[in-house]
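Structure record follows, encoded as structure tokens.
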């Protein structure tokens, strides 16, 4: 009896998640103009970065082991990744704190952050199709076809990117909890958005950074968001090195997961005590 | 003349209200005071690593880049103070927020920008001035009267050019009826094209950003003039700025004709 | 003289039809469908100076659109509006100088600042001279008692206090015409009372022409001499409330309780229900008065109790809404 009940409940939850996910796709599609302007603007940013590398590489073949073609591939793939790595969970939490709906959200039978996660997946599926794909196509036509180093590295990239997505989302979710203690999150979000991409090698690969900065950044989880998958894609790492790095990446996923659950539990307990 | 005195009077009072509002939320202001400089300084700091590795980009060394970057960020900060609303015009259109402006005996565009000064925008001025000062020192910029006046004229003109473009982009919302998310990408587009040498872009794009959308006159051409000590002394930037604002005003007027309030 | 003249006013909207579901969303992304909606359909009326007029109608009937066109927010598709001889679509800044407008659901007060700052702002915007400003503030303070919360930040005001603040802000420059869009929405009894008292007083003291839209029938009963009912973009009723009641509900009911089951018939009243010794008569107001009927009946039988049932005002409005013209 018990088993059936749990199974039914789980099936119910699955449909609930599915619905939240679908709802977000429809919502994203509703903003026709936003989609087009989003693609155009993101492409412009990608072009700017590509032209930057072309200009600065004039007269150079390879610098620090990377040729200009590597940097162009790096730029295109980084732009596409950015579509997947744009998180909405912080805004979501911020809004529900502002409007005071957290307490009612907590009463729903589904864990709060599970809802947010599936909403995020919905938004991302929509933006992957509507923005990611066009960016990839435009980049391929006008900049360079961003081919991976080889099939093996492409596979490694895919696996590693899955982990980067989790690191990125967990970090965002963790960050979103700040909404409960801060009055205004917007400045913090701005810093996070820009500094995170810079420190994770999303714009300038950290191999251009001085040694001390590289050592420092490699001790933090951020390089595993952009830098590692991109390094894998352009084939800078041998397979054993890659696997070792991905092990570290997985390690960071687990660490962040533990930290997130702990901090989230503490925060929620505090809210329930205060009564929202 | 009376009309001008009237607008000056209202503007002065609105500025007073803006300062009072800011003082209601000091934590908010402090937040931006920290976050905006950090963003720009980290961005420009990391650029140093690359430029030093290669020596220069299109003939601009790191000191000259700092001069260009600082100049761009300063006019960006001023445009944030006066014109940032342009980014959010779509919201005003959809939510029917122009209703109130239409009910007051002042120009609608004037009210749109001047009923809420974004004092927080001034926090961008800090990193701008820091990087610019660094650049001035690196290129041995001479602070003679001509240069100082040119600099001020350039900053004013550049702010108007930015403002004009923001207005025109925002005005599109009257037709699209959507809250376009200009904030993120507009800033990035302007950052990329004003804080780095325009010459790194292909010829067609340089022409486009010179003759069609005069972004080049915000920082790239004026920085070149100031660094070489030749040119119009910023008058070109100023002239284009005034022209852009007038054009934007006409375009806005056109768009407002199609305004449909909200929830009829 | 007429404060407002409206001739053959029409407003059309072009709307994009949104598809339903995921396929619909994709379809409207590729090819959006446009439809034309006629929100206001050739309406004409005029409002004399110093009158209080209510615009009522179901949601989406076009009353808000009409009011928004009258105060210059929306441009008519066709027809003409004159406010004291001036067209708001053409001379906006001049027309609005003589208008006060309050939207019940949207405040014009500066949210984060003390209420008084918003009044000061009005002083600058409408270039109100100190004397007039202070006199107006004094008059309105007497009616609305705003001085007790004039130093409170607007965000901390109750809805009723905020609404009073909004009314004051709208009247500081002594406008000749006051537009109120659902001024009592969401207010408690006391709040509604204060707002209605203010409207009546300001209309009496300053002769301000007042146009209001409302869903609150109390507003209509207590404030308005004239009622304009709009439905589906057209005026379906225009006139005094009493006349409207007489026309829509020409009959009243009289419920009489007798001591026993012996009841009387009356040639000017029809019996529409009987439950033991309680009998309900229906009579035409034009044929006999309620008092006359009671007199006649009590002459012929001993009665315990008699109640006259008026048709409820909301029923009358509902009947009017249901009408096409």
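Here, each number is a calculation from the coordinates, and none is a lab measurement. Only a predicted model underlies this, so the values are computations on that prediction, with no experimental measurement involved. As a convention, Cβ positions derive from the backbone with ideal geometry for all residues, glycine included, and neighbour counts pool all protein chains shown.
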### Task
Rounded to the nearest 0.05, what FRET efficiency do residue C:245 and residue B:7 give with R0 = 56 Å and r taken as the Cβ-Cβ distance? Could you check?
0.65
### Query
Where in the range C:34-49 is the amide nitrogen less than 12 Å from a point lying 7 Å along the Cα-to-Cβ axis of residue C:225?
C:47-49
### Task
Considering only DSSP beta bridges where both residues belong to the protein assembly as shown, give the percentage that are antiparallel (nearest 5).
75
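Taking 60 Å as R0, compute the FRET efficiency from the Cβ-Cβ separation of residue A:251 and residue B:145 and round it to 0.05.
0.45
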### Query
If you count the DSSP beta bridges with both ends in the range C:2-245, what percent of them are antiparallel, to the nearest 5?
60
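Stretch residue B:188-residue B:15 to full length: gain in nm at 0.36 nm per residue minus the Cα-Cα span? Provide the component values of the computation, followed by the final result.
On the way: separation 173, 0.36 × 173 = 62.28 nm, distance 2.82 nm.
Contour length minus the Cα-Cα distance gives 59.5 nm.
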### Query
Across all directions of projection, what mean area in square nanometres is found for the Cα convex hull of the protein assembly as shown?
48.4
### Query
Between residue C:201 and residue B:129, what FRET efficiency follows from the Cβ-Cβ distance if R0 is 45 Å, with the result rounded to 0.05?
0.20
### Cα gyration tensor, chain B - rounded (a/c under 1.5), prolate or oblate
prolate
### Task
For each of C:202, B:240, A:225, count neighbouring Cβ atoms within 10 Å of the residue's Cβ, then give the residues from fewest to most.
B:240, C:202, A:225
### Task
Please arrange C:235, A:271 by counting, for each residue, the other beta carbons lying within 10 Å of its beta carbon, fewest first.
A:271, C:235
### Query
For peptide B:96-103, how many partner chain Cβ atoms fall within 10 Å of a residue's Cβ, on average?
6
### Query
Between the helical axis of C:313-322 and the dominant principal axis of chain C, each derived from Cα atoms, what acute angle in degrees is found, rounded to the nearest 10?
70
### Query
Listing C:118, C:298 from the residue with the fewest other Cβ atoms within 10 Å to the one with the most, what is the order?
C:298, C:118
### Query
Spin-label point model (7 Å from Cα, Cβ direction): what's the residue C:5 to residue B:110 distance in nm?
3.1
### Query
Hey, rough spin-label estimate for residue A:218 and residue B:49, points 7 angstrom out along Cα→Cβ, what's it come to in nanometres?
1.2
### Whole-Å distance, taken between Cα centres, linking the range A:123-185 and the range C:280-325
74
### Task
Would you mind checking the range C:295-325 for residues with the amide N under 18 Å from a putative spin-label position 7 Å along Cα→C-beta of residue C:42?
C:324-325
### Query
Most mobile of C:149, C:283, C:119 per a Gaussian network model of chain C (Cα springs, under 10 Å)?
C:283
#### Entry: Directionally averaged shadow of the range C:83-208, computed from the convex hull of its alpha-carbon atoms, nm²
7.5
### Message
Once each part is reduced to its C-alpha centroid, what is the distance from the range C:25-99 to the range B:32-90 in angstrom?
### Response
47
### Query
Under a point spin-label approximation (7 Å from Cα along Cα-to-Cβ), what is the residue B:42-residue A:155 distance to one decimal in nm?
3.6
### Task
Name the shape class, rounded, prolate or oblate, that the alpha-carbon gyration tensor gives for the range C:2-245, where a ≥ b ≥ c are the square roots of its eigenvalues, rounded holds for a/c under 1.5, and otherwise prolate holds if a/b is larger than b/c and oblate otherwise.
prolate
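Starting from the Kirkwood Rh over alpha-carbon pairs, what translational D in µm² s⁻¹ does the range C:251-322 have by Stokes-Einstein at 37 °C and 0.692 mPa s?
The estimated diffusion coefficient comes to 256 µm²/s.
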